[in-house]
1. Please state the shape class of region 1-152: rounded when a/c is under 1.5, otherwise prolate if a/b exceeds b/c and oblate if not, all from the C-alpha gyration tensor.
2. I'd like the antiparallel share, as a percent to the nearest 5, of DSSP beta bridges with both residues in the chain.
3. Rounded to the nearest 500, what is the 222 nm mean residue ellipticity of the chain from helices alone, with -39500 (n - 2.57) per DSSP H run of 4+ residues and division by all residues?
4. Please give the per residue volume of the convex hull enclosing the alpha carbon atoms of the chain, rounded to a whole number of Å³.
5. Taking a ≥ b ≥ c as the square roots of the eigenvalues of the Cα gyration tensor of region 58-142, is the shape rounded (a/c under 1.5), prolate (a/b larger than b/c) or oblate?
6. Limiting things to C-alpha atoms, what are the Rg and the maximum Cα-Cα separation (Dmax) for region 139-274, in angstroms?
7. Using 19 Å as the cut-off for backbone N distance, which residues of region 116-136 belong to the label zone defined by a point 7 Å from the Cα of residue 197 along Cα→Cβ?
8. Can you pull a Stokes-Einstein diffusion coefficient for region 43-104 at 10 °C (1.306 mPa s), Rh from Kirkwood over Cα pairs, as a whole number of µm²/s?
Ligand code: ZN
């Protein structure tokens with residue numbers, strides 16, 4: 001089923017990267033987009049209380065803060081620095097009123113994945129009590145296996161669910177991103193398991209272009225690629241998730257457009273293919 005209105009549409013600040021966060025907020029609000037996910041880069045050099053006030057004035061709901069994570073490192077000092085940075089992200093999320101932080105868990109070239117995964121679990125355990133006391137949840141975002149070497153050693157929904165089970169929810173959960181997970185034959189069952197356990201925190205959408213010309217910055221607008229988004233959204237909704245559909249697109253091609261036109265394109269694609 002296609003979308004019929006914009007009541008559950010959220011846009012990530014990174015999707016309209018050329019815009020300053022306040023410009024983005026004003027544009028989303030003008031276009032009737034009710035919610036925003038804030039990337040930490042968009043907050044650099046800004047007063048978070050002032051941004052919070054700006055977003056509130058624009059009538060935007062803050063869905064999440066992106067991103068924490070990057071826990072594995074070759075030495076203890078770097079692992080501690082990652083834990084400290086994640087606690088700083090918790091402070092930022094609390095100050096902004098963001099209920100969750102999305103975790104890109106991390107990986108280190110040359111480090112065995114088993115070791116990276118152990119360090120990820122340890123890192124999350126070290127941050128979770130701090131997040132819990134601030135009223136902020138942590139959401140593991142499994143990344144496509146093409147990033148297993150350097151961005152995340154957590155690559156499937158099953159791995160993310162297993163981590164939640166090992167660590168213990170519901171303050172830890174999962175952000176489901178169709179770009180990373182659409183190929184997985186176990187996806188439907190693992191989404192159901194995630195929802196059943198109360199771990200399903202967030203849902204990110206965009207499309208997989210074929211051919212993809214850049215592994216990071218060539219995501220497609222919904223409908224430009226091969227992901228059946230309504231089908232996966234159906235699984236997520238059947239699992240009990242009724243939060244926002246967050247449009248998260250990194251694209252040099254789309255960042256080069258007039259961002260006012262681009263937000264209109266996002267809305268159109270959302271109704272047809274979201
Ligand atoms: Zn995502």
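1. Values: a/c = 2.23, a/b = 1.70, b/c = 1.31.
Because a/c hits 1.5 or more and a/b exceeds b/c, region 1-152 counts as prolate.
2. 5
3. Only helices count here, giving -13000 deg cm²/dmol.
4. Numbers: hull volume 32.4 nm³, N = 274.
Given the Cα convex hull of the chain, per-residue volume reads 118 Å³.
5. Prolate shape, in that a/c is at least 1.5 and a/b is the bigger ratio.
6. 14.9, 45
7. Flagged as within label range: 117-129, 132.
8. In µm²/s, the coefficient rounds to 126.
Just so you know, all these numbers are worked out from the coordinates, no wet-lab data involved. Because the structure is predicted, anything quoted here is derived from the model rather than measured. So basically every Cβ, Gly included, is an ideal-geometry build from the backbone, and we count neighbours across all protein chains shown.
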